[in-house]
Structure formats: C-alpha cells, structure tokens
Amino acid sequence: MDHVVAIVGRPNVGKSTLFNRLIGRRVALVDNSPGVTRDYREGSLVIGDRTLSVIDTAGMDQSGSGELEVDVRRVTERAVEMADICLFMSDGRAGVLPADLEVAETLRRRSKHVIPVVNKCEGNAGEVGYLEAFELGFGTPVRISAEHGEGIGDLLSAIDALLPVGGQSAGGEGVASESQPLRIAIAGRPNAGKSSLVNRIIGEDRLVTGSRPGTTRDAIDITVNWLGTDVRIHDTAGMRKRSRVVERLERLSVADSLEAIRYTEIVVLVLDAAIPLEVQDLRIADLAEREGRPVVVAVNKWDTIRDRKPQLEEIAFRLKDRLPELRGAPLVPVSALTGEGLRRLHDAIVSMWTIWNQRVSTGLLNRWLAEATLRHPPPAVRGQPIRLRYMTQAKTRPPGFVAMCSHPRQLPESYRRFLKNGLRQEFGFEGTPIRIYLRSRSEKNPFVSGS
C-alpha cells in the first residue's frame, strides 16, 4: 500500500467508529467511555483503484503524565509521523475544546496533510461544532456521522484529492502475496508480558506496554518478517477468570481476544515465570485445543528466575497432567526484556505449524492401527468385541482421522485417548490437537444423494 491515512483526535470523538466504517468491518472496540483505544490499529481502504492503509489511533490527551499516558502519546505521535494524511476528528456536538486545540498544534508540527473532520453531525446536531472547526486553521471541515454513515462519500473525495496522480492499483501487481503469512495469537493472563514480547519480536516499541494489568484492550495484529518467516502476530488482551470480568469494556476485550484465537493458526500461551500456570492459563490452552489450534508455551520473564531447571520441570509436569490433549506442546523459556529464547520460540512455532499441516498415508495408518489394536484390543460390548477395521486421515489443520468401527457409539472415551496418544507418539503429532471420527459400515453417507 502506497499511502497511509491516520485518524487522529482527542479521546471519545468517534475515531474507532469511523475506522470501522472506512474498512467496512467492526474490528476496533467501540465504547462510550474515553480512552478505549491505546495501540494503533491498521486496516485497508479502497478508493477507486487505490488501496490505502488506515490507522485508528488512541485519543491524544496532553494532560496525563503517567507512564501509560506518555506511552500512548508516543505511539500515537509515531502513527501521525508515518501517515501521509491525517483525519483530524472533532465532536460537532461538543464543539472545539481546548484539547482539540492542543491536538491541532501537534498536527501542525508533525503531519504532512490534515483534513478536518467534524463527527456526530447527523441532522443539525453538530452545526455549531462544524462552524467552530473553521478556527482550527486546516481549511473547510468535512461534516460526517461515522455512526450513521453520513458524509463518508465527501470524506473519501477529500482524501482522494490529496493523493498524487497514479498510485497502486487495488488489483495490480505486488498487492497480493503468493503465500499468506503465518497467523500467530499471543495469549495469556494480564501482565504476563505479551505486548512486550511482541515489541521484542518486531524490534520496535510498536505496542503500548506498562506494569499495570489490562494495558492492552484491542487484539492488535502486526505483519512482519521474523527470522525469515512472514508472520501476522495478534497481540490479545489479557484474559482473567470470567467471574472477575464485570466491566463491559473488559468483556469486549476478552471477546476480541477469543475471536483472534479462532482466526489464527498457532497460539503462543505466554506465562509469567514468577507465577506460572494458574487455572486461567490452563483454560486458555484448553480453549485453543477446542478450537483445533496447536499451542506453544512461552515462559516469559525468564531472566528473573534463578533455579531454572526445577521451575521448568514443574511447568512441564503440570501441562502434561492437566492438558493431555496437548501433550508434547513445546515449552520455551523467553525474556521480552533481553530477547533470550526468541529464536527457539520461532523454531517451535514453525515446527508446530508443520505438524499441524502434516498428513500420514493410509497404508502407514492401517499398519499402525492393526498393531495397536492387537497389542491393546478395544473392550467388548455385551460379549461382542468392538473391531476397528480401517483408518484414514480425512483432514489437516488440525489432523483429523476417520476410523471404521463395528460399534462406534460404544467405544469408551479412554480408548479414544489411547488412539490419539498412539498417533502422537508414532507419527510425531506431539503438541497438536487430534480429532478422531468413528464410523460404522451400517451408517449411510449423508452426502450421497438419496441416502
């Protein structure tokens, strides 16, 4: 994408609502409370034959002096400097406030082109605020309602007028990549160091971090080449126990994180080395398994641990005991502060992706099945033995196997686990979810016409 458009303004003027409107999807979290957005989020906007990158930034509040406020300001100012065009949003109902004037001064110093945009102008509600926006000194404002879609055509025309002639075509060469980047979700409890780990991986302070839990709210995705591998990293909000989540905004953040896990291919579960593997960590890993996603466990803040070997053995034992479905998941000690273990983490992720896509031939499967059932036969049902006659791999991502069975509904769950563990050990499916579907010869195929 040749050009970048950033949406900028003080808190709670509707920047995220406009972002969702421009990219055509509800991606950014929207709430009436100010300061919802903290990291900037990117999306794509097509105007004619051009594809632009749109950035939703955090509200620029110059009054805060705390660690979090300063970090948010720094990240937002970086987005402004990256942008070719800044959409300077104000609230038509509230009018121009002193905070708007402070944002205007920042844009005058740092931005190449500014388009003043007055939001919440449905009907005549924002007439006074629209007239006041002329005094900001950026020319004629564009009157819109991001919530209702009014004035968006005028805004797109104003953006297009500032773009140079030519540019990249939305369907031209170089837009689509031959291979999609590997999608990774960074998940875990609050304050485990997820955003710091992402910043270390990409080599810059792209995400807002802080010692206070709950800094990240949106699930932010970043595409980068990491040690030769194109990856799309989703940094998710920390997930607490459901009983502790009482605020609406936190519920939205957790829902956004769960959606990111469903969308990605590999889940990196980040643990705090000082407080490893609590119940919530196991729940997150279990969620990834139910969604069919392999898990790589990254034990962060490893630089703070002295007795490393006993700590690692304890975590490995608890994972094996509590999550048998993910037995063999890689356990990688890392430090977001020093960069220790990042190459091992990269290699573990690539290895798990390969296993997740692995396919085993039918001949090898059935030779293994015959030996496994001979060594450990299935239990009998009412005096009749259960026979497993045939197995084939029906799918990958996650690996799924179909087995022909004489009494599929009677086969105990414990024997299913025996088969899954055997497949993991024999064919190297360690650490990835496995699905086994049992079928009887008497069952008709629902996909065959007339059955």
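If you wrap the stretch 310-451 in the convex hull of its Cα atoms and look at it from every side, the mean projected area works out to 11.6 nm². Per-residue SASA remark: S44, around 60 Å² accessible (1.4 Å probe; ligands, DNA and RNA not included). In this structure, the residue pairs whose Cα-Cα separation is over 22 Å, taken from K15/K120; K320/K395; K15/K112; K112/K194; K15/K194, are K320/K395; K112/K194; K15/K194. A Förster radius of 30 Å, combined with the Cβ-Cβ distance separating Q180 from I152, puts the computed FRET efficiency at roughly 0.50.
Computed with a 1.4 Å probe over protein heavy atoms only, the accessible area of K309 comes to about 150 Å². Placing pseudo-labels 7 Å out from each Cα toward the beta carbon at L282 and Y263 gives an inter-label distance of 3.0 nm. Placing a label point 7 Å from the Cα of T338 along the Cα-to-Cβ line, the residues of the stretch 298-316 whose backbone N sits under 17 Å from it are 299-312. Taking each residue as 0.36 nm, the span from K320 to N421 lengthens on full extension beyond its C-alpha to C-alpha distance by 35.2 nm. Counting only heavy atoms of the protein chains and using a 1.4 Å probe, H407 has close to 70 Å² of accessible surface.
For M82 and F134, the difference between the fully extended length at 0.36 nm per residue and the C-alpha to C-alpha distance is 16.2 nm.
Can you work out the accessible area per residue across the stretch 45-145, with the rest of the protein chains kept in place, probe 1.4 Å, in square angstrom?
Values: 4170 Å² over 101 residues.
With the other protein chains kept in place, the stretch 45-145 gives 41 Å² per residue.
In this simple spin-label approximation, N124 and L374 carry label points 7 Å from Cα along the Cα→Cβ vector, and these lie 9.0 nm apart.
The values are calculated or read from the model by the stated rules, or taken from the named source; none is laboratory data. Computed from a prediction, not measured in an experiment: that's the story for all the values here. Don't worry about glycine lacking a Cβ; one is built from the backbone with ideal geometry, like all the others, and counts go over all protein chains shown. Heads up: the accessible areas ignore ligands, DNA and RNA and are worked out on the full protein's heavy atoms, side chains in. Shrake-Rupley method; radii C 1.70, N 1.55, O 1.52, S 1.80 Å.
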